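Just below is one structure, and these are the notes that go with it.
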Amino acid sequence: MGLIFLKFADNRYKRFESEILGEYEALKGTRREKPLHEIALTKCGFYLPPHARYSYLLSLPDEVDVAKKIQEAMEAIGSYKPELKGILPQDEYFKLIRTDNTIPGRLLKNFSNIPDDLEGDLFGQQIPPGLLVDSFRPGVYGGTGEVGDWGVASALAGQFAILLAGGLTPDNVQSAIRQVNPWGVDVASGVESSPGKKDAGKMRLFVERARGAGR
């Protein structure tokens with residue numbers, strides 16, 4: 001998920017980059033001068049320092065520890081955006097290099113094919129979401145049935161189209177949608193009558209309440 005996030009973030013940043021740089025240059029040397037990251041946060045919602053740009057990561061030579069560079073990029077983004085600090089995926093690619101240290105670099109090249117004009121503002125045109133936001137428990141990859149931090153999810157939804165998951169049920173899905181405003185919602189255990197067995201009544205109620213959240 002981390003590289004997909006970076007690619008969509010980079011796509012969005014490019015759309016505002018000329019405005020950001022233009023204002024920075026216009027104010028430089030005056031009493032109204034601002035750091036580049038402050039202008040970026042105002043115009044784009046986040047700041048991508050040079051070593052967090054997708055093109056930089058994509059151009060790294062083979063001998064460089066790409067997983068480490070991805071981690072540093074995530075840390076840098078979070079350092080300028082408190083809502084994202086500590087929640088962006090940082091360690092997932094270290095697991096991959098245990099078997100093949102070329103995987104992160106290959107994934108970078110694969111995701112580079114995502115068109116540059118594809119970013120958050122286009123998702124209203126029925127383009128699939130860029131991020132799945134789920135609750136986290138160490139050692140468990142999804143499916144925890146636990147409600148995540150909707151405040152963090154809302155901050156991400158303000159910048160990207162997200163699919164919200166994690167502990168959603170017919171009882172809380174309306175609250176989740178109204179607070180987070182996601183592109184869509186994902187449910188599994190929240191509509192089960194017993195582990196692994198879906199309940200038709202709960203599924204129907206979940207969909208009805210999700211659809212009614214905007215009313």
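The values are calculated or read from the model by the stated rules, or taken from the named source; none is laboratory data. Only a predicted model underlies this, so the values are computations on that prediction, with no experimental measurement involved. Heads up, the Cβs are rebuilt from the backbone with ideal geometry, glycines too, and the neighbour counts pull from every protein chain shown. When the accessible area is computed, the model is the full protein with side chains, heavy atoms only, and any ligands, DNA or RNA have been set aside. Shrake-Rupley method; radii C 1.70, N 1.55, O 1.52, S 1.80 Å.
Has region 50-71 got any residue that is more than 21 Å from the chain's Cα centre (by Cα), among the hydrophobic types (A, V, I, L, M, F, W, C) and surrounded by 19 or more Cβ atoms within 10 Å (Cβ to Cβ)? Give the steps one after another, and end with the answer.
Step one: of region 50-71, the residues more than 21 Å from the chain's Cα centre (by Cα) are 59-65.
If we keep only those that are among the hydrophobic types (A, V, I, L, M, F, W, C) too, we end up with 60, 64.
Remaining after also requiring surrounded by 19 or more Cβ atoms within 10 Å (Cβ to Cβ): none.
No; the residues of region 50-71 include none that is more than 21 Å from the chain's Cα centre (by Cα), among the hydrophobic types (A, V, I, L, M, F, W, C) and surrounded by 19 or more Cβ atoms within 10 Å (Cβ to Cβ).
Which of the residues that make up region 111-138 are at pLDDT 75 or above and loosely packed, with under 12 Cβ neighbours inside 10 Å? Correct list: ASN113, PRO115.
Each residue in region 25-42 was checked for being farther than 26 Å from ASP65 by Cβ and open to solvent by less than 60 Å² (accessible area, probe 1.4 Å), and 6 pass.
Report whether or not ASP10 is charged (D, E, K, R), surrounded by fewer than 14 Cβ atoms within 10 Å (Cβ to Cβ) and touching a Ser or Thr at 6+ places or on another chain (Cβ under 8 Å). If you could, list the steps in order and put the result at the bottom.
Details: charged (D, E, K, R): yes; surrounded by fewer than 14 Cβ atoms within 10 Å (Cβ to Cβ): no; touching a Ser or Thr at 6+ places or on another chain (Cβ under 8 Å): yes.
Taking the combined requirement at face value, the residue does not satisfy it.
Scanning region 1-44 for residues that are within 21 Å of LEU108 (Cβ to Cβ) and modelled with pLDDT of 95 or more turns up just one, GLU17.
Is at least one residue of region 21-44 under 18 Å from ASP116 (Cα atoms) and within 18 Å of the chain's Cα centre (by Cα)?
Restricting attention to region 21-44, the residues satisfying the condition of being under 18 Å from ASP116 (Cα atoms) are 44.
Add one more test, that the residue is within 18 Å of the chain's Cα centre (by Cα), and what stays is 44.
Yes, some residue in region 21-44 is under 18 Å from ASP116 (Cα atoms) and within 18 Å of the chain's Cα centre (by Cα).
Do we find a residue being modelled with pLDDT of 90 or more, in a helix (DSSP H, G or I) and farther than 24 Å from ALA155 by Cα anywhere in region 70-93? Within region 70-93, none of the residues are modelled with pLDDT of 90 or more, in a helix (DSSP H, G or I) and farther than 24 Å from ALA155 by Cα. Cβ-Cβ contacts under 6 Å between residues 6 or more apart (or on different chains), taken from a first residue in region 204-215 that is in a helix (DSSP H, G or I) to a second residue that is of a type outside the set (Val, Ile, Thr), are listed as LEU205/PRO170; PHE206/PRO170; ARG209/PRO170; ARG209/GLN174; ALA213/GLN174; ALA213/ARG178.
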